[in-house]
Amino acid sequence: MTLRSIISHLKPHRTVPVVPWTAKSRWDLSFKRVLILFFGLALFGLGDGLIIQSGLGNAPWSVLAQGISLKSGLSIGTSTLIIGSLVLALWIPLRERPGFGTLSNIIIISLFIEIATNIFPKQEDLVPGLIFTLVGIAMVGIGSALYITCGLGPGPRDGLMTALHNRSGIRIGRVRLAIEGSVLIAGWLLGGTVGLGTLLFALFIGQSIAIALGVVSRVTSK
């Protein structure tokens, strides 16, 4: 592979591409599609766990999960599962319908966050913490691209965002900012870790997902 082709693969993708494993509906299941979905969600969970173990600060929803974990004595994976289930319950009055990917999102990401926080050591120094954070952001980006392109339904948080946008008419960016900001503040007040890692996640997660979508699009279009 030439340098030019590598650079081309790394260009961000502006939309969600249709790929060979994209489903026609949220319950259009096949072995290959489900396998890709599960692999993507597992990568997402492991990446999120790495960011948590970096000691530099978590993604907003993990700040909340960590805060609940600290106050309740539950593990962070269990706290993530509970949060996902409660957010999904908010879909009911908004008349949003989950898909197979939505339910899988709650279970598998929680499971692999639990695995990651048990197998990866908590970092105390800046450099290894930064490595954990950046690798974690890349893994979350790749995992997101894989599970999103399956087309089996959004995660509970994304579904809440789009449902609120559709019902209220408020711009989706503002809805997302309000949700993420509220979650971040609540988690911080409960004792969750906010820091450099939180800032890096906010700055780079969108680009990480966009680049991963671009790679998936270009690889599968050949």
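Of the residues making up the stretch 137-160, not a single one is acidic (Asp, Glu), under 16 Å from residue 80 (Cα atoms) and touching a residue at least 40 places away in the same chain (Cβ under 8 Å).
Residue check: is residue 132 under 27 Å from residue 27 (Cβ atoms) and at pLDDT 95 or above? It is false that residue 132 is under 27 Å from residue 27 (Cβ atoms) and at pLDDT 95 or above. In the stretch 72-97, the residues that are farther than 10 Å from residue 160 by Cβ and basic (Lys, Arg) never reach a residue that is assigned to a helix (DSSP H, G or I) and at pLDDT 95 or above with C-beta atoms less than 7 angstrom apart, at least six apart or across chains. Comparison of 101, 49, 57 shows that the only residue that is over 24 Å from residue 215 (Cα atoms) and modelled with pLDDT of 95 or more is 57. For the stretch 177-192, a tally of residues being touching a residue at least 24 places away in the same chain (Cβ under 8 Å) and either in a loop (DSSP other than H, G, I, E, B) or surrounded by 15 or more Cβ atoms within 10 Å (Cβ to Cβ) (or both) returns 9.
When the residues of the stretch 44-75 are filtered to those that are among the hydrophobic types (A, V, I, L, M, F, W, C) and farther than 24 Å from residue 203 by Cα, the one that is nearest to the chain's Cα centre (by Cα) is 68. Residue 141 passes every criterion in (1) among the small types (Gly, Ala, Ser); (2) out of contact with any helix residue (DSSP H, G or I) (no Cβ under 7 Å at 6 or more places or on another chain); (3) on the phi < 0 side of the Ramachandran plot apart from (2).
Among the conditions (1) over 26 Å from residue 53 (Cα atoms); (2) within 17 Å of the chain's Cα centre (by Cα), the only one that residue 183 does not satisfy is (1).
The values are calculated or read from the model by the stated rules, or taken from the named source; none is laboratory data. In this text the structure is predicted, and so the values were computed from the model without any measurement. Note that each Cβ is placed from the backbone with ideal geometry, even for glycine, and that neighbours are counted across all protein chains shown.
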